[in-house]
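Colleague: Dumping the structure here so I can ask a few things about it.
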Amino acid sequence: MDQRSPWRPANKEVIKMTVQPPLHIGVVDFSEPTLLLISEARGFRWLADQIEHRNQFTISQIKGPAQTRVTIQFVPAQAGSLNRTENVFTWGISRAESKLFADQLRELSVSTTPAHTYLDSASRGIPVIASFDEYDPEKIFSN
């Protein structure tokens, strides 16, 4: 009978997994279409780390009764940009922006009251707002 622990591979290597904390994304129509990121403190800290380390990653979620998929591709770039094709956003984040956005997200993560911050790209494309405890994701993305 095999006496190995069920969570450790036979060769005893350690397997690392990155688990993304809850982070809700979607497009809302405030005074203009806006890319909205909603999370709790640990979600914004995770996002800050990913952006600051200039990792390339994608977040994709299905939202609303129409089951619309919204995707954000985070890409390290020389210059900031935010391009949109339908509901796919490619967000090029410059080195300077990565530090600024990470700092803004970390500050948001320690807020003790509902708050938000604008993550404005140099390209001045669609506005991006990171929001803490201001909106219910199920309600705001229900359209």
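Colleague: Checking R69 against (1) part of a helix (DSSP H, G or I); (2) out of contact with any Leu (no Cβ under 8 Å at 6 or more places or on another chain): exactly one of these is not met. Which one?
Modeller: So the condition that R69 fails would be (1).
Colleague: I would also like to ask the following. Can you find a residue in segment 128-136 that is in a strand (DSSP E or B) and small (G, A, S)?
Modeller: Checked against the condition, which is being in a strand (DSSP E or B) and small (G, A, S), segment 128-136 yields at least one hit.
Colleague: Residues in segment 54-67 that are surrounded by 13 or more Cβ atoms within 10 Å (Cβ to Cβ) and either touching a residue at least 40 places away in the same chain (Cβ under 8 Å) or not β-branched (V, I, T) (or both): how many?
Modeller: Residues meeting the conditions: 6.
Colleague: Right, next: Mind listing whichever residues of segment 29-53 are surrounded by 15 or more Cβ atoms within 10 Å (Cβ to Cβ) and out of contact with any His (no Cβ under 9 Å at 6 or more places or on another chain)?
Modeller: Across segment 29-53, the qualifying residues are T34, L35, A41, F44, R45, W46, L47, A48, Q50, I51, E52.
Colleague: Could you check segment 29-65 and list, in sequence order, the residues that are of a type in the set (A, V, I, L, M) and either modelled with pLDDT of 90 or more or within 23 Å of K99 (Cβ to Cβ) (or both)?
Modeller: Those that are of a type in the set (A, V, I, L, M) and either modelled with pLDDT of 90 or more or within 23 Å of K99 (Cβ to Cβ) (or both): L35, L36, L37, I38, A41, L47, A48, I51, I59.
Colleague: Which one of these is under 17 Å from P22 (Cβ atoms) and either among the β-branched types (V, I, T) or surrounded by fewer than 20 Cβ atoms within 10 Å (Cβ to Cβ) (or both): V110, V88, V70, V128? Write out each step before concluding.
Modeller: On the way: V110 fails: under 17 Å from P22 (Cβ atoms); V88 fails: under 17 Å from P22 (Cβ atoms); V128 fails: under 17 Å from P22 (Cβ atoms).
None of the others qualify; the one that does is V70.
Colleague: In segment 113-125, what residues are in contact (Cβ under 8 Å) with a residue 24 or more places away in the chain and surrounded by fewer than 18 Cβ atoms within 10 Å (Cβ to Cβ)?
Modeller: Of everything in segment 113-125, those that are in contact (Cβ under 8 Å) with a residue 24 or more places away in the chain and surrounded by fewer than 18 Cβ atoms within 10 Å (Cβ to Cβ) turn out to be A122, S123, G125.
Colleague: Taking segment 39-58 as the region of interest, how many residues are within 11 Å of F74 (Cβ to Cβ) and hydrophobic (A, V, I, L, M, F, W, C)?
Modeller: Selection size over segment 39-58: 3.
The values are calculated or read from the model by the stated rules, or taken from the named source; none is laboratory data. Bear in mind the structure is a predicted one, so any value in this text is a computation, not a measurement. With ideal geometry, Cβ positions are generated from the backbone for all residues, glycine too; neighbour counts draw on all protein chains shown.
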